Amino acid sequence: MRKKIVAGNWKMNTTVTEGVELAKSIVAKVNEIPVGVSLVVAPPFTHLTSVAEVLKGSPVALSAQNCADQPKGAYTGEVSAEMLKDAGCSYTILGHSERREYYGETSEKLVKKMALAFENGLKVIFCVGEKLAERQEGQHFDVVSAQISEVLFGLTPAQMAKVVIAYEPVWAIGTGVTATSEQAQEIHAFIRKTLAAHFGEDVAAKTTILYGGSCKPSNAQELFACPDIDGGLIGGASLKADDFIAIAKS
Ligand code: 13P
């Protein structure tokens, strides 16, 4: 009843040439992917138009990794939602923990970015997740609940239909330490319950919730078998077409 998605967040990796090659290798294997699973790739900004060209006519969707919190104008170094749409994106990632941590991404900014994404016809992969100390102190439910309520609770149900949530515990990102399937399922179920309490059961049941953090071919199957895990947001393992496709087949 809800969409299953495997998305590759390339982060600040690959040159344009390498990115185009990677996209070609993914497209070449896309017929191996089970029906009902959608693939998304999120290359760096400089790669978007070239990768869009490669993806044309394939079912693989293009995403940006971020967008500006202003529509246009004198904001040096920023890329607007309108530009992303024009470059061929159908999604943008917002609220990745690396942006929250290193670039001062606050919930207030994310509300603005999300509104601009919707205005320009982009869907949003919205990331949430707690840091190691927060989990050790048992605050992970409160942290994730605040991240969700501050940014998503102002949305209409129609806008929520354009949001994919990615739960990415910061302690699992790029560390090789994956959340156990029990830990991930527990918080995914909590996220769905949080959505149900605000938006109702129907919106909650239809929202795709991805897991991210050291997800790889060897652990994807166990994670994706959990009832509230609807796919993954993949970092490191999305840079190798074979691994990315193997994860999507899980
Ligand atoms: P890794 O898969 O490299 O841990 O990264 C996860 C992530 O941050 C995806 O957005």
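Taken together, the values in this text are just the output of simple stated rules run on the coordinates, not laboratory data. These figures come from a predicted structure and were not determined experimentally. Using ideal geometry, Cβ is built from the backbone for each residue, glycine included, and neighbour counts are taken over all protein chains shown.
With the convex hull built on the Cα atoms of the chain, state its orientation-averaged projected area in nm².
12.3 nm²
Which semi-axes, in whole Å and largest first, does the equivalent ellipsoid of segment 53-174 have when worked out from the alpha carbon gyration tensor as the square roots of 5 times its eigenvalues?
26, 16, 15
Most exposed first by the Cβ proxy, i.e. fewest other Cβ within 10 Å, how do 142, 230 rank?
142, 230
Which value in nm describes the separation of the simple spin-label points at residue 17 and residue 30, placed 7 Å from the Cα toward the beta carbon?
2.5 nm
Which trypsin sites (Lys or Arg not before Pro) in segment 142-250 sit in a loop by DSSP (not H, G, I, E or B) and have at most 12 other Cβ atoms within 10 Å of their own Cβ?
Qualifying residues, ordered by number: none.
Filter the chain for me: DSSP H helices, axial length by Cα at least 24 angstrom, mean Kyte-Doolittle hydropathy not below -1.0. List them by residue number.
Passing helices, by number: 181-199.
How high is the relative contact order of segment 37-183, in percent, counting Cα pairs under 8 Å that sit 6 or more residues apart?
20 percent
Along the principal axes of its C-alpha atoms, what lengths does segment 1-49 span, in descending order and rounded to whole Å?
36, 20, 16
If the label point is 7 Å along Cα→Cβ of residue 186, which residues in segment 135-166 have backbone nitrogen under 20 Å from it?
Within reach of a label on residue 186, which here means backbone N under 20 Å from a point 7 Å along Cα→Cβ, segment 135-166 contributes 135-148, 166.
Multiply the residue separation of residue 146 and residue 46 by 0.36 nm, subtract the distance between their alpha-carbon atoms, and state the gained length in nm to one decimal.
32.7 nm
Two-decimal Rg/Rh of segment 118-250 from alpha-carbon positions, Kirkwood Rh?
The Rg/Rh ratio comes out at 0.96.
From the P(r) of segment 97-165, can you give the percent of Cα pairs sitting at distances over 15 Å?
55 percent
Any chance you could get the radius of gyration and Dmax over the Cα atoms of segment 156-222, in Å?
Just the Cα atoms of segment 156-222 yield Rg and Dmax of 13.1, 38 Å.
Could you list 187, 125 so that the one with the fewest beta carbons within 10 Å of its beta carbon is first and the one with the most is last?
187, 125
Let me check I've understood the local charge: for residue 136, count other residues with C-beta under 14 angstrom from its C-beta, Lys and Arg +1, Asp and Glu -1. What total comes out?
-2
Could you pull the Cα extents of segment 41-110 along its three principal axes, largest to smallest, in whole Å?
37, 26, 16
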